[in-house]
């Protein structure tokens, strides 16, 4: 006993110290402000180019905020960043990124963009894996009173702000633009909108020109088609990790509930259809992509096409009567990872509509799609906006 | 989305997908008149309300700011007999029936606090059922009310973005007690803005909420976390007349819009005072969208200067429009706080347009309007007047000017082709003329409103042959018209167009096969000009050689001389 007591005491002291340390570190994390949780993930983005239109040969710049979403350097921001480049038909376009506070600028590559919903994915090289990327949540789970935060750069100065979601619909009833009670200034578009735990639920888009404390955000779900591979990769990694820990699952193995959960998440991914619409020769081509090949596929869809009509005089836009509601047969791609539906005669239908309402134009359509799967399930209707060639009378 | 959730959505969809939202069948149009002697009440009426699917109305006495209680009476509109009378211990600012009509809810104030009373009504109405009054957590301002299938009472407040939901059990507990405190039985729904008007469509658990601060109506799914499914915004284009004052949208729900295969869906009658327009908005459960069916000008005669009334305490703008409609929108009545005229509209015969039926004179500006579920009668509360006009269908009203009837008929036929004729009113306006022109262009006809009989005949014949939507048929017609014209032109071209191959160069023998030969440097155009009334020269080939090389031109000679 006499020999063991000091040892036991030392062991107790060691455990106690560990526990205290753990508590201290836990409380430090608990006390961290939401802004501190994301500040190292923010990216200051700058685009430089030479104008080839309007002010030919003049070097120009623009800036926005982005944020890291993966350890290998993918950054999500607003498509805005390229707006000026488009306007001046920029040449020699160069995007540079500064991650966190004070790091050296590095060159970034544009990976992909979704102009209608104002999202842009860019990538920088990761010399070492970035540890400070942000976790992506789901905006659909937000309620209107939840506190949301945003951080980014105003010019080169960091800013933080907080507010609430005001409305899950934006101007003219646009479902991909939510109204938030936050003041937004130039350059802040592209900033992450996140919860108190740092989980990203949206991307800041811009300010309401009429009200200084009202802004818009794009729900993070609209970035799914840009970052689908990341979400999928995350699930695969989790599945691999769980399998390593508890072995492959069998239906009657009660020890693998977590694995089953991950697998069902994967099934959810396999039923995750990303729709895209484009206008070609007066018809709308709807395509969907899914992350996992095979079943289920979309068998048929029901679609409702509503034009957004702009009055030439007042420049005000409102929704009009639906142009067409119909069923569409889906032709599934050979690789079983997507399919296509054609909505014919849309151009003609718009022309016909505009003939009866002189003094208006149509530059955008909203297509609502209800998908019926070959396994009999029916998915929630989704609305996608599509910019079309402006049609005057 | 969870699997469970998805399945419930799927179930809803499968139920929903069995209807196609396009009003099927013919809705009757009942022109209403104010011919009958009004009921004279011993008080000024505040709210009038038809009991669903009956001829019975409920009338509440106006909140005059002095009395602390109110009278609630039931009348049979068929013979104007009184069915019951009830005193409630508070004023009445809002009233609503449950969907079945078995329960009546009234809400109001006493001593600055909010109260609600629920009354059970027996089928034959000669005996009043249980009456229960509860005290609300707070007094709502300019409230509107609605009831869901679980008899929960939803009360909105024009100064708050929270809707109070009072559980049915509060009223059950309140029986026999005075001023039972319902606040423990209340829950709140957060919406984005203060609420001007609220109405619920119980079969789909949908609430339609008109914002107090913006001209906007949201469709909110109550059984899915009060998610906003879609929004309707003011329709532009009819001229906003009231400067900076934003009037909220007035709203009335019709829950019996028939679909082509016998189902029903919800439809809103939306009144916009700012642009003086009336819009029908159908909720399409297939897509979760609020679809505009038609927008027309209200065109009501204004008797008093449009002084915008603002509540001195709350600074809220008072809604001037008063709207009532039946389940199938066969009878829609629109009144204004500044007019002694009601305008009757109908979704009527076509189901795709709003028909202006007639104007009805009443003794004063209306404060409340209710239309019976079948659309055959209506009742109107008049400001500052104990008279209660009961409007009924009259034979006199159906006699309309023959020419106007025919123009209406043409307008109906055109509107069924998705053409916008404005309101179907028997008046030839710009919209009707535009629609006639479009029809002529697309069908290749020459109809005119001056020859109305044959115009109706031609458009009706076109309609009867149309198997799909009207606009699709117009497009198909235009396409076959174009094809016919193109074929005609082509035949012409064959008969009047010749193509010559003309070779230019030093020696004719060195030319490739040709129809005519010209020497070096000759003008092919001049050659063609002599032979053709019009022509086109296309260079087919050139090759080097001899003095100037050789070239072959194709001369398309149209109408050779």
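For every residue, the table says whether it meets (1) modelled with pLDDT of 85 or more; (2) over 30 Å from residue A:273 (Cα atoms); (3) in contact with a helix residue (DSSP H, G or I) (Cβ under 6 Å, 6 or more places away or on another chain).
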{"site": "A:159", "(1), (2), (3)": "no, yes, no"}
{"site": "A:171", "(1), (2), (3)": "no, no, no"}
{"site": "A:187", "(1), (2), (3)": "no, yes, no"}
{"site": "A:192", "(1), (2), (3)": "yes, no, no"}
{"site": "A:206", "(1), (2), (3)": "no, no, no"}
{"site": "A:215", "(1), (2), (3)": "no, no, no"}
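What's the number of the only condition in (1) part of a helix (DSSP H, G or I); (2) within 12 Å of chain A (Cβ to nearest Cβ); (3) surrounded by 18 or more Cβ atoms within 10 Å (Cβ to Cβ) that residue B:462 fails to meet?
(2) is the only condition that residue B:462 fails.
Any idea how many residues of the range B:195-213 are within 13 Å of another protein chain (Cβ to nearest Cβ) and more than 19 Å from the chain's Cα centre (by Cα)?
1
Condition check: modelled with pLDDT under 90, within 21 Å of residue A:226 (Cβ to Cβ) and part of a loop (DSSP other than H, G, I, E, B). Does residue A:71 satisfy that?
Criteria met by residue A:71.
Search the range A:324-362 for residues being surrounded by 17 or more Cβ atoms within 10 Å (Cβ to Cβ) and more than 14 Å from every other protein chain (Cβ to nearest Cβ), and hand back the single one that is nearest to residue B:422 (Cα to Cα).
Among those that are surrounded by 17 or more Cβ atoms within 10 Å (Cβ to Cβ) and more than 14 Å from every other protein chain (Cβ to nearest Cβ), it is A:341.
Taking strands (runs of 3 or more DSSP E) that fall entirely within the range A:301-393, which contain at least 2 residues that are under 14 Å from residue A:275 (Cα atoms)?
Correct list: A:338-343, A:360-373, A:382-391.
Give the residues of the range B:250-293 that are within 13 Å of chain A (Cβ to nearest Cβ), in a loop (DSSP other than H, G, I, E, B) and crowded, with 24+ Cβ neighbours inside 10 Å, sorted by residue number.
Once the filter is applied, which keeps residues that are within 13 Å of chain A (Cβ to nearest Cβ), in a loop (DSSP other than H, G, I, E, B) and crowded, with 24+ Cβ neighbours inside 10 Å, the range B:250-293 yields B:285, B:287, B:288.
For the range B:157-170, check the following and say yes or no: at least one residue is farther than 22 Å from residue B:52 by Cα, within 27 Å of the chain's Cα centre (by Cα) and within 13 Å of chain A (Cβ to nearest Cβ).
So far as the range B:157-170 goes, yes, one or more of its residues are farther than 22 Å from residue B:52 by Cα, within 27 Å of the chain's Cα centre (by Cα) and within 13 Å of chain A (Cβ to nearest Cβ).
From the list B:425, B:476, pick out the single residue that is closer than 25 Å to residue A:357 by Cβ, modelled with pLDDT of 85 or more and in contact with a strand residue (DSSP E or B) (Cβ under 6 Å, 6 or more places away or on another chain).
B:425
Okay, residues lined up against (1) crowded, with 17+ Cβ neighbours inside 10 Å; (2) touching a helix residue (DSSP H, G or I) at 6+ places or on another chain (Cβ under 7 Å):
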residue: B:375; (1), (2): yes, no
residue: B:385; (1), (2): yes, no
residue: B:404; (1), (2): no, no
residue: B:418; (1), (2): yes, yes
residue: B:450; (1), (2): no, no
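Whether any residue in the range B:87-94 is part of a loop (DSSP other than H, G, I, E, B), in contact with a strand residue (DSSP E or B) (Cβ under 9 Å, 6 or more places away or on another chain) and surrounded by fewer than 18 Cβ atoms within 10 Å (Cβ to Cβ) is what I want to check.
yes
Hey, could you check the range A:299-310 for residues that are over 17 Å from residue B:292 (Cα atoms) and either surrounded by fewer than 19 Cβ atoms within 10 Å (Cβ to Cβ) or in contact with a helix residue (DSSP H, G or I) (Cβ under 7 Å, 6 or more places away or on another chain) (or both) and say which is nearest to the other protein chains (Cβ to nearest Cβ)?
A:300
Anything in the range B:125-145 that is over 21 Å from residue B:86 (Cα atoms) and touching a strand residue (DSSP E or B) at 6+ places or on another chain (Cβ under 8 Å)? List them, or say none.
Once the filter is applied, which keeps residues that are over 21 Å from residue B:86 (Cα atoms) and touching a strand residue (DSSP E or B) at 6+ places or on another chain (Cβ under 8 Å), the range B:125-145 yields B:137, B:138, B:139, B:140, B:142, B:143, B:144.
Among the numbered criteria (1) at pLDDT 90 or above; (2) buried (at least 22 other Cβ atoms within 10 Å of the Cβ); (3) within 14 Å of chain A (Cβ to nearest Cβ); (4) out of contact with any strand residue (DSSP E or B) (no Cβ under 9 Å at 6 or more places or on another chain), which single criterion is violated by residue B:411?
Here residue B:411 clears every test but (4).
Report yes if some residue within the range B:437-445 is at pLDDT 80 or above and away from every other protein chain (no Cβ under 14 Å); otherwise report no.
Within the range B:437-445, one or more residues are at pLDDT 80 or above and away from every other protein chain (no Cβ under 14 Å).
Kindly indicate whether any position in the range A:123-134 is away from chain B (no Cβ under 14 Å), outside any loop (DSSP other than H, G, I, E, B) and buried (at least 21 other Cβ atoms within 10 Å of the Cβ).
no
Tell me, please, whether a residue that is in a loop (DSSP other than H, G, I, E, B), touching a strand residue (DSSP E or B) at 6+ places or on another chain (Cβ under 6 Å) and more than 30 Å from residue B:195 (Cα to Cα) can be found in the range A:145-162.
Within the range A:145-162, not a single residue is in a loop (DSSP other than H, G, I, E, B), touching a strand residue (DSSP E or B) at 6+ places or on another chain (Cβ under 6 Å) and more than 30 Å from residue B:195 (Cα to Cα).
Return the total of residues in the range A:143-157 being modelled with pLDDT under 85 and either facing chain B (nearest Cβ under 10 Å) or loosely packed, with under 15 Cβ neighbours inside 10 Å (or both).
Here the count works out to 7.
Within the range B:320-343, which residues are assigned to a strand (DSSP E or B) and either within 19 Å of residue B:53 (Cα to Cα) or in contact with a helix residue (DSSP H, G or I) (Cβ under 9 Å, 6 or more places away or on another chain) (or both)?
If the condition is that a residue be assigned to a strand (DSSP E or B) and either within 19 Å of residue B:53 (Cα to Cα) or in contact with a helix residue (DSSP H, G or I) (Cβ under 9 Å, 6 or more places away or on another chain) (or both), then B:323, B:324, B:325, B:332, B:333 are the ones that fit.
Which of the residues belonging to the range B:506-539 are surrounded by 13 or more Cβ atoms within 10 Å (Cβ to Cβ) and either on the phi > 0 side of the Ramachandran plot or assigned to a strand (DSSP E or B) (or both)?
B:516, B:517, B:518, B:532, B:535, B:536, B:537
Just one of the numbered conditions (1) in a loop (DSSP other than H, G, I, E, B); (2) farther than 16 Å from residue B:386 by Cα is not true of residue B:83; which one?
Evaluating residue B:83 over (1) in a loop (DSSP other than H, G, I, E, B); (2) farther than 16 Å from residue B:386 by Cα leaves (1) as the failure.
The values are calculated or read from the model by the stated rules, or taken from the named source; none is laboratory data. Predicted model only: the values in this text are computed from it and were never measured. Glycine also receives a Cβ, built like all others from the backbone with ideal geometry; neighbour counts cover every protein chain displayed.
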